[in-house]
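Participant: I am attaching a structure below and will ask some questions about it afterwards.
The values are calculated or read from the model by the stated rules, or taken from the named source; none is laboratory data. This one's a predicted model, so the numbers in the text were calculated from it and none came from an experiment. Here the Cβ positions follow ideal geometry from the backbone for every residue, glycine too, while neighbour counts run over all protein chains shown.
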Amino acid sequence: MGQSGRSRHQKRARAQAQQRNLEAYAAQPHSFVFARGRAGRGVRQLSLDLRRVMEPLTATRLQIQKKNSLKDCVAVAGPLGVTHFLILSKTETNIYFKLMRLPGGPTLTFQINKYTLMRDVISSLRRHRMHEQQFTHPPLLVLNSFGPHGIHVKLMATMFQNLFPSINVHKVNLNTIKRCLLINYNSDSQDLDFRHYSIKVVPVGASRGMKKLLQEKFPNMSRLQDISELLATAAGLSESEAEPDGEHNITELPQAVAGRGNMRAQQSAVRLTEVRPLAEVTSSGSPPALRKGYTSMSLQIGPRMTLQLIKIQEGVGDGNVLFHSFVHKTEEELQAILAAKEEKLRLKAQRQAQQAQNVQRKQEQREAHRKKSLAGMKRTQAEASGDSDAEDPGAPPEAERASQQEEEDEAEYFRHAVGKEPDEGMFLTAPRRRPTGPLSKKRRVKQRRPDRGSDQRPPKGKRRPWGAQAKLVSRAQPHKKMA
């Protein structure tokens, strides 16, 4: 039997493919979506819906605590490869949405004038088409009406484009495009319409009965005598079960798309239907069968937002204001602000240089003090052990004469007691060295004691007798008579 398993060439090729996939995934933009401050339940739910829009290149289980600052988030985002922050906040009057580019900015601040949650959009639909497979790939970004309206509009378009990975139209797989994110700029009101859709591709050119057969749910043909009645006359089908298609959404597929009847080089319709109230439906000339309030096929999955650009800043959360919708400054004011900021930066650099010099000076002082302390400790140890290079001065003359007299006395006592001369060196005593270390407590007390000029001890004071002596003294002394 041959060797089981993969060969080394297959393992190497698989490892190389995995490495390429990891590098491609790391090169794609990633994002953090979270709410800051006391945002409220609705704004926090809106942040969760935005995470669904940004999937799969976002942190779906991200948790931000109250004690975490923006600097903490930036410090964590660097090692994880996060390139954008989408932050929601709420004040007493408005709700704001900030789009930040890491690590150096810029920061775009929007005011949310209107918003609708994903659950509200889905609950308003008669039929919705949303499943988990749609969120395995990033959505297709569509920017509308971002023309030459100013440098701030161009910067907005660039920021939204960098939120999602770029698409190569020659190599893209159409089966990976299941969602669409539409951002429309209204030049009159200067607002942005944020819409999130689900994409559905259906074949065209067939009868309504054939379209019904191509659906996943098979039609009820209990009232029909033959299947030809369904294909020829579309019996049993209402007008609302077939959505009218036109030239605006019919295209020729370059690839085979998942779905019944969507073949290559055939025409199919791409449907992105807006949720419309009953008043809009009746005024647009739709069939009277849609009198329940909504169209028959609505593929918007939300959330919906209406944004207004407030300002653009240089850095991440702070920096020079490049654009402001409500505050307009002259050239002189801008130059004054720039000069004040440069002066502030110069003073800050000067303080940092002075602090660095102080730290260096204190470090040098500590090092010199440490060396001096170590040298003193070594010198003290050498003097205490007697290994000093200085010559020993020896014992004083008075001590030498006292030791010689003591040796002679001991030798004379040995002659009288034994009756013979002692051996040479029998009673030699080692000379006493004067202590060189620090004075002990006993020596300090002895030096402080005054010299009385004699070897006699000072007279002790009369102490009061106690015990048996006290009884004997009391018996020996006669009692004095009281006058």
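Participant: Restricting to the range 11-45, count the residues that are over 24 Å from Gln133 (Cβ atoms), part of a helix (DSSP H, G or I) and in contact with a Leu (Cβ under 9 Å, 6 or more places away or on another chain).
Facilitator: Count: 3.
Residue-wise test of (1) in contact with a strand residue (DSSP E or B) (Cβ under 6 Å, 6 or more places away or on another chain); (2) modelled with pLDDT under 90.
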{"position": "Arg119", "(1), (2)": "no, yes"}
{"position": "Asn144", "(1), (2)": "yes, no"}
{"position": "Asn173", "(1), (2)": "no, yes"}
{"position": "Val201", "(1), (2)": "yes, yes"}
{"position": "Leu213", "(1), (2)": "no, yes"}
{"position": "Asn220", "(1), (2)": "no, yes"}
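Participant: If I filter the range 153-171 down to residues being modelled with pLDDT of 90 or more and more than 30 Å from the chain's Cα centre (by Cα), which single residue comes out as farthest from Asp193 (Cα to Cα)?
Facilitator: Result: Lys154.
Participant: Give the residue, chosen from Leu125, Leu163, that is closer than 25 Å to Phe85 by Cβ and either touching a residue at least 24 places away in the same chain (Cβ under 8 Å) or touching a strand residue (DSSP E or B) at 6+ places or on another chain (Cβ under 9 Å) (or both).
Facilitator: On the way: Leu125 fails: closer than 25 Å to Phe85 by Cβ.
Testing whether each residue is closer than 25 Å to Phe85 by Cβ and either touching a residue at least 24 places away in the same chain (Cβ under 8 Å) or touching a strand residue (DSSP E or B) at 6+ places or on another chain (Cβ under 9 Å) (or both) leaves just Leu163.
Participant: Another question, then. Within the range 311-322, can one find any residue that is out of contact with any Cys (no Cβ under 6 Å at 6 or more places or on another chain) and surrounded by fewer than 10 Cβ atoms within 10 Å (Cβ to Cβ)? So that I can check it myself, show each step before the final result.
Facilitator: Step one: filter the range 311-322 for residues out of contact with any Cys (no Cβ under 6 Å at 6 or more places or on another chain), giving 311-322.
Subset that is surrounded by fewer than 10 Cβ atoms within 10 Å (Cβ to Cβ): none.
No; the residues of the range 311-322 include none that is out of contact with any Cys (no Cβ under 6 Å at 6 or more places or on another chain) and surrounded by fewer than 10 Cβ atoms within 10 Å (Cβ to Cβ).
Participant: Just one of the numbered conditions (1) under 32 Å from the mean Cα position of the chain (by Cα); (2) among the aromatic types (Phe, Trp, Tyr); (3) not in a loop (DSSP other than H, G, I, E, B) is not true of Tyr185; which one?
Facilitator: Answer for Tyr185: the failing condition is (1).
Participant: Let me ask another. Among the residues of the range 44-58, which ones are crowded, with 17+ Cβ neighbours inside 10 Å and free of Cβ contacts under 8 Å to residues at least 40 places away in the same chain?
Facilitator: Arg51, Thr58 - these are the residues of the range 44-58 that are crowded, with 17+ Cβ neighbours inside 10 Å and free of Cβ contacts under 8 Å to residues at least 40 places away in the same chain.
Participant: Output the number of the condition that Tyr197 fails; it satisfies all remaining conditions of (1) in a loop (DSSP other than H, G, I, E, B); (2) at pLDDT below 90; (3) aromatic (Phe, Trp, Tyr).
Facilitator: Checking Tyr197 against (1) in a loop (DSSP other than H, G, I, E, B); (2) at pLDDT below 90; (3) aromatic (Phe, Trp, Tyr), the one that fails is (1).
Participant: Residues in the range 21-28: is at least one charged (D, E, K, R) and either within 18 Å of the chain's Cα centre (by Cα) or farther than 26 Å from Pro103 by Cβ (or both)? Step through it out loud before you land on a result.
Facilitator: Step one: of the range 21-28, the residues charged (D, E, K, R) are 23.
Now narrow it down to the ones that are either within 18 Å of the chain's Cα centre (by Cα) or farther than 26 Å from Pro103 by Cβ (or both): none.
Within the range 21-28 (the criterion being charged (D, E, K, R) and either within 18 Å of the chain's Cα centre (by Cα) or farther than 26 Å from Pro103 by Cβ (or both)), the answer is no, since none of the residues qualifies.
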